[in-house]
1. Please enumerate the residues belonging to segment 131-156 that are under 24 Å from R198 (Cβ atoms) and touching a helix residue (DSSP H, G or I) at 6+ places or on another chain (Cβ under 6 Å).
2. From (1) open to solvent by 70 Å² or more (accessible area, probe 1.4 Å); (2) under 27 Å from L369 (Cα atoms); (3) touching a residue at least 24 places away in the same chain (Cβ under 8 Å), pick out the condition that doesn't hold for R491.
3. Just name the residue that is farthest from the ligand (Cβ to nearest atom) out of those in segment 364-382 that are under 15 Å from P409 (Cα atoms) and open to solvent by less than 10 Å² (accessible area, probe 1.4 Å).
4. Given the condition over 17 Å from T346 (Cα atoms) and within 13 Å of the ligand (Cβ to nearest atom), answer yes or no: does some residue in segment 393-406 qualify?
5. Is there a residue being more than 26 Å from P431 (Cβ to Cβ) and among the hydroxyl-bearing types (S, T, Y) anywhere in segment 555-565?
6. So which residues in segment 307-336 are open to solvent by 50 Å² or more (accessible area, probe 1.4 Å), within 22 Å of G402 (Cβ to Cβ) and either within 16 Å of the ligand (Cβ to nearest atom) or more than 18 Å from the chain's Cα centre (by Cα) (or both), if there are any at all?
7. Of the numbered conditions (1) open to solvent by less than 20 Å² (accessible area, probe 1.4 Å); (2) without any contact (Cβ under 8 Å) to a residue 60 or more places away in the chain, Y482 satisfies every one except a single condition; which is it?
8. So which pairs qualify, if the first residue must be in segment 452-479 and of a type in the set (D, E, K, R), the second must be open to solvent by less than 40 Å² (accessible area, probe 1.4 Å) and in a loop (DSSP other than H, G, I, E, B), the Cβ gap must be under 9 Å, and the two must be at least 6 apart or on different chains?
Amino acid sequence: MPIKTTSELRLGLAAMPWSIFNRPSLQLGALKSYVERNDDARADTFHIYLPVAAAIGIDWYSRIARSGWAGEALFAPLLFPEMKDPAGNLFYESLADENAPLPDFEEMVGRIEESCTAWLSATDLGKYRLFGFSVCFFQLLPSLYLARRIKKTWPDLPIVFGGSSCSGAVGLSLFNHFPEIDYLVDGEGEEALTRLCRFIAGDVDSLPANVRSRQPSAHKVISKDISTEKVILGDLPYPDYAPYFEEMSRLFPRLPFIPTLPVEFSRGCWWNKCTFCNLNLQWQNYRLKQGERMVEEILHLARTHESLRFTFADNALPPHEADLFFDRIAAAGLDLDFFAEIRAITEPKRLRLYRRGGLRTVQVGIEALSSSLLKKMAKGTTVMDSIAALKMCSESAILLEGNLITEFPTTTEEEIAETLINLEYVFPFSPLQAAIFFLGYGSPVHNRAGQFSIRAILPHAKNRKLLPKDLLQSMTMLMHDYRGDRRYQHRLWQPVTEKIKVWQEFHRQRKKNQPHPLHYMDGRTFLIIRQERRTGAPLLHRLRGLSRKIYLFCGEPRKSEEILQAFPAVTAPALAKFLADMSTKLLMFLENDRVLSLAVRHDREV
Ligand code: SF4
């Protein structure tokens, strides 16, 4: 049973740039609710990215936040003045692709420093007994910088770091290198922070094993290792976003703007096998909320903040509970708008249900368009799954965003050839982004480097522009470079990178109200397919009788034997000939014994 404390401990919690400007911090909202639920502390949350955005302008802020590295570069000279020049170079390189004028690096650094100084002078930190930073992607240098400044004025105020960038050996390394950090939470935050508050209040005399401390005596009595005691997601209080809204209206009183609210359906990943992935270092067990509970939380947050736009922070939505959730939320009749990351879904019915429930944008883990490469990545999907997901999302009016990982170690020429062929089939659908493989600390590729031709693991080239050499040499960071087949992979992947650019350009040039590049219109006895091409006039194909029926039947992936069963009048050789012909014309995609028609209905909902 949790020990109850009567202390009036005041806790400050901060989220630094480069969190997305139009969202409150899920971590801050969740921790505040949790520690306040049992009166363990009173938590004030500070979204310090808001005053920074006000200081440099929302447009610049958003551009820099999108880039990630450019944001870290702006804080590097504030922490390590000797890194000013390389950090400036990294800043300009990271924004160079955007095809727009670049802001002046030094001026930006100056404005950020001033905004942090102004925040420090306007905030009475003396009333806090503990101050915490939630540190996720690209928030490391900003958090270290503010922690250092706080320590200068308030040397006795204990500082705690936690978040996805503080797990395992990476967290330990941070703790060992930066004396500003008094405590570090490794893994899940709610219970660890609660116990730390009780420890500081003097209500308990020991810390759980997953809270690092500079006081060796803090771990002297551990009755139970609470790092193994995971919270039940369904029991968590709803996140408290009220302070974000107050800060927003104070800093941007005239901004006509309704934030997107982050929510959490599950923790960890139910698949958790992809060889390039290190997203789950923070979570040890996969857990999820029931669909019903998720509905209640969404309705509560929508009512409280009069917002209808939500983003799921999950690595991948839990499939079964998501079905229940979207079914119930569709019935609630609100015009909701959700973003979620999902694994490839190939059932049209399911995607239509999700769309009716308000799912408008998805990030799908496509990653590769070669079957053997997908196996090397342990993605658990096939090329057919990926192409079907692209088609089904397009047909359900769900915007699909996804990546193709390029330069994956040990890729072969055959896998590149297969990728180039398969790219032809996906041209009609929303283009993917090319994402160059990076070696993530703790990922299976990192742990089994030899299997992926990796001979040596090195500091990431971009981190070399941010951190002094001696510090970087001895630190464990989340991202790495490596020595192996990198140069070879870079050369090998060039044609794919070029083709992805052509794909993106093809869609960029199309007008929003143009019909889908590959669509069909059904005349009941015949079918007309209109197929746009990269060059030249569109092609028109007419399918009659059985050909029409088979094409419509294969609107979702079908096995050849299913088609033969459904259409006994068709012989196997005739079917094979028809499918081969449709595949050559890029109207159907074939993989082993599965087949998918690629054209989408002209009158689909848009
Ligand atoms: S990439 Fe996504 S699906 Fe794969 S293990 Fe990581 S979180 Fe899970």
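The values are calculated or read from the model by the stated rules, or taken from the named source; none is laboratory data. Because the structure is a prediction, the values reported are computed rather than measured. Neighbour counts run over all protein chains shown; Cβ positions are idealised from the backbone, glycine included. Surface accessibility is based on the protein's heavy atoms, side chains included, excluding ligands, DNA and RNA. Shrake-Rupley method; radii C 1.70, N 1.55, O 1.52, S 1.80 Å.
1. Scanning segment 131-156 gives F133, S134, V135, W154.
2. All conditions are met except number (3).
3. Among those residues, the one meeting the criterion is S370.
4. yes
5. So far as segment 555-565 goes, yes, one or more of its residues are more than 26 Å from P431 (Cβ to Cβ) and among the hydroxyl-bearing types (S, T, Y).
6. Listed by number, the list holds a single entry, A313.
7. All conditions are met except number (2).
8. R455/G484
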